[in-house]
Amino acid sequence: MKPLAPGWKKAARLALLVGVLLGLYAVAVARHDERARIRQQPVRLTPGCAEKLSRYGLEAGRHYVSPYALARTGQAGVRQGYSDEDVRAIQRGCNIIDDLQGQQAADPARERWNAARFVRGTHTSCDHCHQGIGDKQTAAGEPQSGSLSLAASWVMADMYDQFTGILLPYELRQMQCYINSSNGYKPNVADDLIRDVTAYSRFLAAALDLRFGNRYAEQGIDEVTASSTLKRGDDYVRGAALFQEKCARCHGPQGLGTVVDGRVLFPAVAGPNAFNLQSRNNFSFVSTILPGFICRNMPPGEEGTLSSQDCRDIGFYISNLPRPAGDKQGPLAALWQQLMMRVMPTLVRSVEAWQRPQESGRAGT
Ligand code: HEC
Ligand code: HEC
């Protein structure tokens, strides 16, 4: 074949490039349209969300009156109601908090497309820390203090962040949680995901009849400082023993969590599926938050049974187990943590089998 003239060659290369770019653009447009279509369709709620949203009387209408507030105080203000689109956003937001990775969805790729793509690891769900699908209550129906309530957090929507000192709107505080706690990638501030969770948090605040700008005890963490203990320091060995006694039956002897039939029963507190080294939830990064979470929220059903010192010791122990590095720690720290996560579980198991051969059959993850 006669070779093409140099000018033609250039034109052909250019045409190819333009063709590829147009192809990519067409794919992006098609994906975008598909998502827009999904947002128009009815939402399949998780059982937890179906129960919660019906208890709080979510439906489209011109006005909203909270059944929860009515039942508790005999009166409730009339608030602005919700459109069909609002209702779907609130429902999707609830599903995201309850089941971030779509383990309860019929088609996770379709129903949680707007959440799972931002999370690494297979365990994380917002509900693991923001418990009770964002508004944990005690057996008596009172809000649980120090339970990271999303409702109480929304009424303080634009709050000074105590660590960065910056005024962070609710959207940015959500984004921060993806990096800090969920060990994933950061969604865009205008992402559907952020909007849906904001809509859900706002609805929760209306359902619980919270007042905008008020500080409630269930917002954030009831932190446990070193000075609130006997000041004898945080004890790794004591923490390890307490963890085996109080926590291992659910979270596993090495904190790697419990998964049955692909469903996370108890999330990992260490290892590749847990929050990362730079998560605020991690003791070594901010030493007051994990103990605060444990003291107020764990073990489920026995909340408040551990002393401040217990919670600090356990927190100190957990934070020393291997887990993914934070995204600001660089490749060396990441490599080291990957190595430790691979080597440690087997090493610990074999040492235990050697020390206590009769019990080695029990040693799982
Ligand atoms: C491993 C535990 C954990 C997970 C999982 C988690 N969070 Fe958080 N979240 C925290 C902690 C800890 C804070 C900071 C609390 C503080 O500083 O008092 C926080 C703070 C927040 C805040 C700001 C709250 C406030 O009052 O300042 C929002 C909003 C939030 N998270 C949303 C989410 C969303 C949405 C998800 C799921 C994608 C999620 N979080 C998953 C632990 C977690
Ligand atoms: C009866 C089982 C059970 C016991 C015992 C238990 N947990 Fe949990 N833990 C859970 C469940 C379930 C969750 C997820 C929250 C939810 O779904 O409500 C959780 C969540 C957590 C989380 C945050 C979630 C995450 O992604 O890491 C931490 C930290 C934690 N537990 C620590 C502890 C500690 C420390 C103890 C011991 C003092 C303990 N747990 C005892 C069941 C348990």
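Please treat every number below as a calculation from the coordinates, not as lab data. Since we're looking at a predicted model, the values are computed, not measured. For neighbour counting, all protein chains shown are included, and Cβ atoms are generated from backbone atoms with ideal geometry for every residue, glycine included.
Descriptive notes on the structure:
- Gaussian network model of the chain, springs between alpha carbon atoms under 10 Å - residue of ARG263, ARG62, ARG349 with greatest fluctuation: ARG62
- Residues whose placed amide H lies under 5 Å from that of TYR64, excluding near-sequence neighbours: ARG79, GLN80, GLY81
- Residue-wise HN-Hα couplings along the stretch 218-227, as the Karplus relation 6.51 cos²θ - 1.76 cosθ + 1.60 with θ = phi - 60° gives them from phi, are 7, 7, x, 10, 8, 5, 10, 8, 4, 6 Hz; Gly and Pro carry x.
- Cα gyration tensor category, rounded, prolate or oblate, for the stretch 226-362 with a/c compared to 1.5: rounded
- In order along the stretch 330-342, phi translates into HN-Hα couplings of x, x, 5, 4, 4, 5, 4, 5, 4, 4, 4, 5, 7 Hz, rounded to whole numbers, per the Karplus curve 6.51 cos²θ - 1.76 cosθ + 1.60 with θ = phi - 60° and x for Gly and Pro.
- Sites GLN162 and ARG13 - FRET efficiency at Förster radius 41 Å, r taken between beta-carbons, to 0.05: 0.15
- Note on the chain: helix-only mean residue ellipticity at 222 nm, from DSSP H runs of 4+ residues weighted -39500 (n - 2.57) and normalised by residue number, equals -14500 deg cm²/dmol.
- Under 5 Å from the amide H of MET159 lie the amide H atoms of LEU168, each residue being 5 or more positions distant or on a separate chain, with H modelled from the backbone and absent for Pro and chain starts.
- Per-residue packing, averaged as other Cβ atoms within 10 Å, sorts the ranges 316-326, 185-195 into the order 316-326, 185-195, beginning with the highest.
- Note on the chain: with a GNM built from Cα contacts shorter than 10 Å, the maximum mean-square fluctuation among ASN273, ASN297, ASN214 falls on ASN214.
- Per-pair calculated FRET efficiency, R0 = 51 Å: LEU70 and VAL260 via Cβ, rounded to 0.05: 0.80
- Added length on full extension, which subtracts the Cα-Cα distance from 0.36 nm per residue, LEU230 to THR138: 30.3 nm
- Scanning residues 5 or more positions from ARG323 or on other chains, those with amide H under 5 Å from its amide H are GLY271, with H placed 1.01 Å from N in the peptide plane.
- For the chain, alpha-carbon Rg over 2.2 N^0.38 Å: 1.16
- Zone of CYS250's modelled label, taken as backbone nitrogen in the stretch 127-163 under 20 Å from a point 7 Å along Cα→Cβ: 127-150
- Look at where the Cα atoms of the stretch 193-247 and of the stretch 1-46 average out, and the two centres are 46 Å apart.
- Using the Cβ-Cβ distance between ASP327 and ARG62 with R0 set to 45 Å, the FRET efficiency from 1/(1 + (r/R0)^6) comes to roughly 0.50.
- Net length available on complete extension from VAL20 to GLN41 is 4.4 nm, with 0.36 nm assigned per residue and the Cα-Cα distance removed.
- Over the chain, relative contact order from alpha-carbon pairs under 8 Å, at least 6 apart, %: 14 percent
- Volume of the Cα convex hull of the stretch 45-207, divided per residue and given in Å³: 121 Å³
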